[in-house]
Amino acid sequence: MPVATAVAHPNIALCKYWGKRDRTLNLPSVGSLSLTLAPFCTTTTVEWGAESDELVLNGRQGTPAESRKVFALLDLIDSWRPKVRVLSENDFPTAAGLASSSSGFAALALAATKAAGQPRSLEELSVLARRGSGSAARSLFGGWAEWKVGEREDGLDSHAFALAPENHWDVRMIVAIFDDGPKAVSSRDGMLHTQETSPFYPAWVASTPKDLTDARVAIRERDLTRLGIVMERSALRMHASMMAADPPVFYWKSGSVWAQETVRALRARGIPCAWTMDAGPNVKVLVETPYADEVARRLANVADRVHVLEPGGPARLLE
Ligand code: PMV
């Protein structure tokens, strides 16, 4: 029975994806840009040919909703596929404040295509992983990755690509945790509701090409001050578009604001650092490595706990 195992790291967007131009193909309304983060990872084993379709996630049976998403992705690889067993483990706490769907669907796409005997390029895998979770399109790549919005109706040009490898720039991403409960509103529902009801949504979409242009230059020049301006602008405009939805989509907690204030205070003392936030209250702070300990200590004063992460490599197969 063909079996393959793949490992992928999660990523955090610095220029955000929020909104879809095609729900079935999971095509984004905007391009996005991210940093893939180690050491956290998802390891997924796919057995192509089993007694029944089965998903085991972190040692428990997958829920019907989780299983539907996983097996729908496998149907895209081969609509005549045999029954398949999928075992997936995150080595990071589920409440680590990181989207495990980004590493999860990247590892699944890589392991499943290998087990099915259909090896694909990283770009083709990115197109496939995108169908499971948009952010997963970026986790196939290590380091700094950009996911192109694309123009084609079939979505084949909406994949990520590598901007710079993980050793391009010595930075850390510090994740400050304020809440480890499940999300009140999933990113999928939150973004659809925002695009349907927020009067600010078109302005958010129109503002994103400049963010991507500025972020590419800042990353190339390893300019954290410049990248920080883009990161915070992108996160604030994305959240502003949600807050203006009807009813609002609101992920912030008081701790989120304390962490943002901590970052501003550190910057005022000459430490270049910048924050971003996703579909939850946790705050992620990008900093150059020599300042990481100091920034982590300050954030630990306001957060329940912090994780210090570093740029990670691309998704890979385990032999
Ligand atoms: O890919 P999804 O459905 O998990 O959505 C990700 C949405 C954000 O994390 C808020 C932004 C992003 O680009 O990752």
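With N set to the number of residues, divide the alpha-carbon radius of gyration of region 216-298 by 2.2 N^0.38 Å and report two decimals.
1.15
Select from Leu224, Trp18, Gly134 the residue farthest towards the positive end of the dipole of the chain; place +1 on Cβ of Lys and Arg, -1 on Cβ of Asp and Glu, and compute about the Cα centre.
Toward the positive end, the furthest listed residue is Leu224.
Please list, ordered by chain and number, the residues whose modelled amide H lies under 5 Å from the amide H of Arg21; skip anything fewer than 5 residues away on the same chain.
Leu27, Ser29
Under the 0.36 nm per residue contour assumption, what length would be gained going from the current alpha-carbon distance of Leu318 and Lys253 to full extension?
Extra length available between Leu318 and Lys253 comes to 19.4 nm.
Just to confirm my numbers, what's the Cα centroid distance between region 154-189 and region 301-319 in Å?
11 Å
Would you check the accessible area of Asp189, probe 1.4 Å, heavy atoms only, in square angstrom rounded to 10?
90 Å²
For the chain, what does the relative contact order come out to in percent, with C-alpha contacts under 8 Å and a separation of six or more? If you can, show how the numbers build up before the last one.
Numbers: 723 pairs, mean separation 77.7, N = 319.
Answer for the chain is 24 percent.
Grab the Cα-Cα distance for Glu288 and Ala265, subtract it from 0.36 nm times how many residues apart they are, and report the gain in nm with one decimal.
This chain segment gains 6.7 nm when fully extended.
Counting DSSP beta bridges with both partners in the chain, what percentage is antiparallel, nearest 5?
Antiparallel: roughly 95 percent of the beta bridges in the chain.
Could you report region 171-311's accessible area per residue, 1.4 Å probe, as an integer in Å²? Don't jump to the answer; show the numbers that get you there.
Working: 6360 Å² over 141 residues.
Per residue, region 171-311 has an accessible area of 45 Å².
Just the number, please: percent antiparallel of the DSSP beta bridges in region 3-166, rounded to the nearest 5. The partial results should precede the final answer.
Values: 29 of 33 bridges.
If we restrict to bridges inside region 3-166, about 90 percent are antiparallel.
How much mean residue ellipticity at 222 nm does the chain get from its helices, if each DSSP H run of length 4 or more adds -39500 (n - 2.57) and you divide by all residues, to the nearest 500 deg cm²/dmol?
Numbers: 9 runs with 122 residues, N = 319.
After summing the helix terms and dividing by residue count, I get -12000 deg cm²/dmol.
For region 3-166, evaluate the Debye formula with one uniform point scatterer on each Cα (no solvent term) and list log10 I(q)/I(0) at q = 0.13, 0.15, 0.18, 0.20 Å⁻¹, rounded to two decimals.
Ignoring solvent entirely, the Cα scatterers give -0.55, -0.74, -1.07, -1.30.
Please give the charge dipole size of the chain, origin at the Cα centre, charges +1 on K and R Cβ atoms and -1 on D and E Cβ atoms. Round to the nearest 20 debye.
So the dipole magnitude of the chain works out to roughly 520 debye.
Could you work out the mean projected area of the convex hull around the alpha carbons of region 171-311, in square nanometres to one decimal? Intermediate results must be reported in sequence, preceding the final value.
Numbers: hull surface 33.9 nm².
Computing the convex hull of the Cα atoms and averaging its projections yields 8.5 nm².
For region 133-210, compute Rh as the Kirkwood radius over C-alpha pairs and then the Stokes-Einstein diffusion coefficient at 37 °C and 0.692 mPa s; write the answer in µm²/s, rounded to an integer. Numbers along the way, then the final one.
Working: Rh = 15.6 Å.
Estimated via Stokes-Einstein, D reaches 210 µm²/s.
At a probe size of 1.4 Å, how large is the accessible area of Lys183, to the nearest 10 Å²?
Rounded to the nearest 10, the figure is 110 Å².
Please report the net charge: other residues with Cβ closer than 11 Å to the Cβ of Lys83, K and R +1, D and E -1.
-2
Taking the chain as the reference, fit the longest principal axis to its C-alpha atoms, fit the long axis of helix 224-243 to the helix C-alpha atoms, and give the angle between the two in degrees, 0 to 90, nearest 10.
With both axes taken from Cα atoms, the answer is about 70 degrees.
Please give the solvent-accessible surface of Met243 in Å², to the nearest 10, using a probe radius of 1.4 Å with every protein chain present.
Near enough 60 Å² of accessible area.
With N residues in region 1-75, what two-decimal value do you get for its Cα radius of gyration over 2.2 N^0.38 Å? List each step's numbers first, then the result.
Numbers: Rg = 15.5 Å, N = 75, 2.2 N^0.38 = 11.3 Å.
Cα-based Rg divided by the globular estimate yields 1.36.
Which whole-number percent of Cα pairs in the chain have a distance greater than 24 Å?
When every Cα pair of the chain is considered, 51 percent fall beyond 24 Å.
The values are calculated or read from the model by the stated rules, or taken from the named source; none is laboratory data. This is a predicted model, so every value here is computed, not measured. Heads up, the Cβs are rebuilt from the backbone with ideal geometry, glycines too, and the neighbour counts pull from every protein chain shown. Heads up: the accessible areas ignore ligands, DNA and RNA and are worked out on the full protein's heavy atoms, side chains in. Shrake-Rupley method; radii C 1.70, N 1.55, O 1.52, S 1.80 Å.
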